[in-house]
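The values are calculated or read from the model by the stated rules, or taken from the named source; none is laboratory data. Values in this document were obtained by computation on a predicted structure and should not be read as measured data. Because the Cβ atoms are built from the backbone with ideal geometry, glycine has one as well, and the counts that use them run over all protein chains shown. Note: accessible area is taken over every heavy atom of the protein model, side chains too, but ligands, DNA and RNA are not part of it. Shrake-Rupley method; radii C 1.70, N 1.55, O 1.52, S 1.80 Å.
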Amino acid sequence: MNDAEIFDREVMRFGLGRRLVHDGSLSKSAYGQVRETAEALISGAMDNLPKLPHIHFDFIRNSGINAFAFKSDGKYFIGLNYGTVYMLELIFMRMLSDARLFDIIGHPHEEDGNLPPLAGYTPEAYKMFQAGHRAQPPKTQPRHFYAIDLFYAAIRFLIGHEIAHITLGHVDYIHSKVGTALVAETGWKAASSQLEGTFERQCMEAQADMRSVFAAISYLKLLHNAYKLNKPLWADTPPTEGRLIFDWAFSMNSFFRLFGDIRFNPSQLAAETYPPLPLRRAMATNTAYASVMSNWNAALKEKALHSLRTAMKYTEYAFATILGGSLSTAGLTDAYNPLSHAHGRRLIECMNDMKKRLDPFAYEAIPVFIDLKETA
């Protein structure tokens, strides 16, 4: 069997649906470009980690928002639900088509200032498609290009997260424990019950987030230098470091915000399979700040803090605008209370405690994470 056939067999075995065959609900080119982005990230990981085998990437015919890293027949695979692509394209195109949002990008006055909200919003692509919600590009080119950049920043964050599940040894570690080499991003509890408590599963998700964030900040540093020669298609001048940090952070926050303003009970945190999404947003934000300070330029401290904090707040404003509701930040408030801070520290301790257990399965050195005294 070739890689595509193995992929089909495994996703069917997991009850996820076969590989996506273009069905007309999105432009065929969008899927092709997402595939190219994923394969470029995989190639980059293989260049940096010579022992890392090839990873086959493909789409899954499932309209939910999810992604999977798994292993079968001695080979690694990453699957992305088409619903993830659909929903990300929908919200970013909708935001940049709205004259009320991103008023410093392009010519917002040429966009529609009275767009109807995405009525009946749900993080499920088929239901949104059935309700008549389609990704429509902004009227002006700079804003269209900016929406595309935001979309791919979110895709890179998610695919980078899946790659990290493989390179950090999570897929093989779970296989050694439960006999199933599958890591899912949402709603997959079967493999977690046999780990050393559900908390181990939370640690792996937070660790993969952090690894993807480190890679993203390194990419932004390279991008900033590249834009000195060739500015992006959405800007008249090369973007500042602060602008690039904001754009990435907005994309990352928007991906998590697709699921809604999720509330959580800090007293039940340890019993959950996944860290609460608002807490993941907060931890990814803090990791980005630490990475800028240590791996880019400590002189960017104030710019980074401002950009990261503004992106988190603007995400809430943008979603309130396109959904037609009032500003909702209850989940983020939960994420920054003392009990959640304590839970974040426990996750960091757990990640460091798992290092010895993951090392035999990892393709890269497992990073040691520190509890930040100053956070974004």
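Inspect region 254-265 for any residue being open to solvent by less than 30 Å² (accessible area, probe 1.4 Å), in a helix (DSSP H, G or I) and at pLDDT 95 or above and give the result as yes or no.
Within region 254-265, one or more residues are open to solvent by less than 30 Å² (accessible area, probe 1.4 Å), in a helix (DSSP H, G or I) and at pLDDT 95 or above.
With respect to Met312, is the statement that it is of a type in the set (A, V, I, L, M), part of a helix (DSSP H, G or I) and open to solvent by 30 Å² or more (accessible area, probe 1.4 Å) true?
No, not satisfied.
Kindly indicate whether Met283 is open to solvent by less than 80 Å² (accessible area, probe 1.4 Å), at pLDDT 85 or above, in contact with a Gly (Cβ under 6 Å, 6 or more places away or on another chain) and in a helix (DSSP H, G or I).
Against the criterion (open to solvent by less than 80 Å² (accessible area, probe 1.4 Å), at pLDDT 85 or above, in contact with a Gly (Cβ under 6 Å, 6 or more places away or on another chain) and in a helix (DSSP H, G or I)), Met283 qualifies.
Going through region 91-107 one residue at a time, which ones are open to solvent by 20 Å² or more (accessible area, probe 1.4 Å) and closer than 24 Å to Pro238 by Cβ?
Residues satisfying the conditions are Asp103, Ile104, Gly106, His107.
Residue by residue through region 320-341, note down the ones that are touching a residue at least 24 places away in the same chain (Cβ under 8 Å) and part of a helix (DSSP H, G or I).
Selection gives Thr321, Ile322, Leu323, Ala330, Gly331, Leu332, Asp334, Ala335, Leu339, Ser340.
Kindly provide the set of residues from region 108-152 that are among the polar types (S, T, N, Q) and not in a helix (DSSP H, G or I), ordered by number.
Asn114, Thr122, Gln136, Thr140
Could you go through region 290-305 and let me know if any residue there is in contact with a Leu (Cβ under 7 Å, 6 or more places away or on another chain) and either closer than 26 Å to Ile163 by Cα or open to solvent by less than 10 Å² (accessible area, probe 1.4 Å) (or both).
Checked region 290-305: at least one residue is in contact with a Leu (Cβ under 7 Å, 6 or more places away or on another chain) and either closer than 26 Å to Ile163 by Cα or open to solvent by less than 10 Å² (accessible area, probe 1.4 Å) (or both).
Just checking, how many residues over region 210-235 are among the polar types (S, T, N, Q), open to solvent by 30 Å² or more (accessible area, probe 1.4 Å) and in a helix (DSSP H, G or I)? Outline the logic, then answer.
Going residue by residue through region 210-235, those that are among the polar types (S, T, N, Q) are 212, 218, 225, 230.
Narrowing further to those that are open to solvent by 30 Å² or more (accessible area, probe 1.4 Å): 218, 225, 230.
Pick out the ones that are also in a helix (DSSP H, G or I) and you get 218, 225.
Qualifying residue count, region 210-235: 2.
If the requirement is being open to solvent by 20 Å² or more (accessible area, probe 1.4 Å) and outside any loop (DSSP other than H, G, I, E, B), which of these qualifies: Glu10, Glu36? First the steps, then the outcome.
Details: Glu10 fails: open to solvent by 20 Å² or more (accessible area, probe 1.4 Å).
Every option except Glu36 fails the conditions.
Tell me, please, whether a residue that is within 22 Å of the chain's Cα centre (by Cα) and either open to solvent by 10 Å² or more (accessible area, probe 1.4 Å) or without any contact (Cβ under 8 Å) to a residue 60 or more places away in the chain (or both) can be found in region 351-360.
no
Out of the residues in region 121-136 meeting the condition of being small (Gly, Ala, Ser) and touching a helix residue (DSSP H, G or I) at 6+ places or on another chain (Cβ under 8 Å), tell me which one is most open to solvent (accessible area, probe 1.4 Å).
Ala135
Residue by residue through region 134-157, note down the ones that are over 20 Å from His109 (Cα atoms) and at pLDDT 95 or above.
Asp149, Leu150, Phe151, Tyr152, Ala153, Ala154, Ile155, Arg156, Phe157
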